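Since the structure comes first, as structure tokens, the remarks are kept for the end.
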Amino acid sequence: HSSFGPNLVEEWIEKCKTGKGVSGYETIILSRKGDHIPVSMTISPIKNIKDELRYISFWIRDIKEHKRIQEALRISEERMRLLLQSAEDIVLMQNLDGKILYYNGATKYGLTPGEVVGKSPYDFFEKDLAMILEKHVNDVAVTSKPKISEDEFVWQGEKMCFSNLLSPVKNDEGDIIAVTIISRNITDKKKAEDALLESKMKLQEL
């Protein structure tokens, strides 16, 4: 027993008459034990030497495990997407042409994925910051090695400091096709370190 009716069967027969058939039709069938089994069906015409349709073959493949893996992958990707979106760190992926391929949407910095993806850092960052990012990406592209940096710059009128981890993204042939950038705002940490250093110097003077 399955979810398709006589009208659909007639449609398949007509397609088989034209020699096309049907490939990859997915449905649910009910086994004799009462189990619901997801299957993929291929319906093909079988003709005689006169090119006349004589039979129709139905090849049915159990895709229960395939569906399970698909669903597990979907859940995993959804969890990863939510994790990246909720992170305070900025996560970017940039190709070697300077275009942003991915942005996790750390909107606390006033930028949305729609404003970033598909554009160059020069389109939304000030020139000095875009040049810093461009240099880091080029360094990773040339050396094929990850890079860690700390950079200070002014963003929306506020002096900020970020710790950056840049990593190469390679294709199956081992060629670098993009660079991922994970940036953490360490402005408060640097301010605390500077205040501690200043306090230490005053104590030494005393």
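The values are calculated or read from the model by the stated rules, or taken from the named source; none is laboratory data. Computed from a predicted model, the values in this text were never measured in an experiment. Glycine gets a Cβ as well: all are built from the backbone with ideal geometry, and neighbour counts include every protein chain shown. These accessible areas exclude ligands, DNA and RNA; they are computed on the full protein's heavy atoms, side chains included. Shrake-Rupley method; radii C 1.70, N 1.55, O 1.52, S 1.80 Å.
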Size of segment 130-206 along its principal axes in angstrom, Cα-based, largest extent first?
-> 62, 28, 16
Check: C-alpha center segment 113-190 vs C-alpha center segment 4-61, spacing in Å is 53
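How much mean residue ellipticity at 222 nm does the chain get from its helices, if each DSSP H run of length 4 or more adds -39500 (n - 2.57) and you divide by all residues, to the nearest 500 deg cm²/dmol?
Details: 6 runs with 79 residues, N = 206.
After summing the helix terms and dividing by residue count, I get -12000 deg cm²/dmol.
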List the lysines whose Cα lies under 22 Å from the Cα of Lys20, skipping any in the same chain that are fewer than 8 positions away.
-> Lys47, Lys50
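A 24 angstrom limit on the alpha carbon distance is what I want to check against. Which of Lys99/Lys190; Lys15/Lys64; Lys147/Lys190 exceed it? Don't jump to the answer; show the numbers that get you there.
Values: Lys99/Lys190 30 Å; Lys15/Lys64 27 Å; Lys147/Lys190 20 Å.
Long pairs (Cα-Cα over 24 Å): Lys99/Lys190; Lys15/Lys64.
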Under the 7 Å Cα-to-Cβ spin-label approximation, Arg61 and Ala195 lie apart by a distance in nanometres of 6.4
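Suppose the chain between Thr18 and Leu101 were pulled fully straight at 0.36 nm per residue; how much longer would it get relative to their current alpha carbon spacing? It would help to have the intermediate numbers written out before the result.
On the way: separation 83, 0.36 × 83 = 29.88 nm, distance 4.42 nm.
The span from Thr18 to Leu101 would gain 25.5 nm if fully extended.
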Expected field for Asp97, accessible surface area in Å² at 1.4 Å probe radius, rounded to 10, holds 130
Listed by chain and number, the residues whose amide H is under 5 Å from that of Asn104, excluding neighbours fewer than 5 places away on the same chain and using placed H, are Val91
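Is any helix in the chain, taking whole DSSP H runs, at least 18 angstrom long along its axis by alpha carbon and on average at least -0.5 on the Kyte-Doolittle scale, and which ones?
Numbers: long enough: 64-86 (33 Å, -1.03); 127-143 (24 Å, 0.26); 187-205 (27 Å, -1.32).
For the chain, where a helix must reach 18 Å along its axis and average at least -0.5, the hits are 127-143.
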What lysines could a cross-link reach from Lys67, if we take a straight Cα to Cα line under 21 Å and drop same-chain neighbours fewer than 8 places away?
-> Lys33
Let me know the volume per residue of the alpha-carbon convex hull for the chain, in Å³.
-> 239
